[in-house]
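K.L.:
Sharing a structure, written as structure tokens. Questions coming.
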């Protein structure tokens, strides 16, 4: 994903590889991550809460839905 200068904030971090996510989560001490369910695999052994929020660009074919209600039913699961 690109990081647009127009929407970038001072503390935003661009991650280029999956292993950078685990390093960031550990370094910052995050206890919750919100993201596409496929990204959870980049956090092996992490003990925090992962809130699944499917992202169309990552897993559209796996998490497509026919309505907003169906989308949020699939997206709203908290995975611990």
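K.L.:
Once both axes come from the Cα atoms, what is the angle between helix 18-28 and the longest principal axis of the chain, in degrees from 0 to 90, rounded to 10?
P.N.:
The answer is roughly 70 degrees.
K.L.:
Follow-up. Where does each of 20, 69, 6 land when they are ranked from fewest to most other beta-carbon atoms within 10 angstrom?
P.N.:
So the residues, fewest neighbours to most, are 6, 69, 20.
K.L.:
Helix-derived [θ] at 222 nm for the chain: sum -39500 (n - 2.57) over DSSP H runs of at least 4, divide by residue count, nearest 500?
P.N.:
-9500 deg cm²/dmol
K.L.:
Additional query: How would you classify the chain from its alpha-carbon gyration tensor, with a ≥ b ≥ c the square roots of the eigenvalues: rounded for a/c under 1.5, else prolate if a/b is greater than b/c, otherwise oblate?
P.N.:
Oblate is the answer for the chain, as a/c is 1.5 or above yet b/c matches or exceeds a/b.
None of the figures in this text is laboratory data; all of them are computed from the coordinates on show. Nothing here was measured: the structure is a model prediction, and the numbers come from that model. A quick note on method: Cβ atoms are made from the backbone with ideal geometry, for glycine too, and the neighbour counts reach across all protein chains shown.
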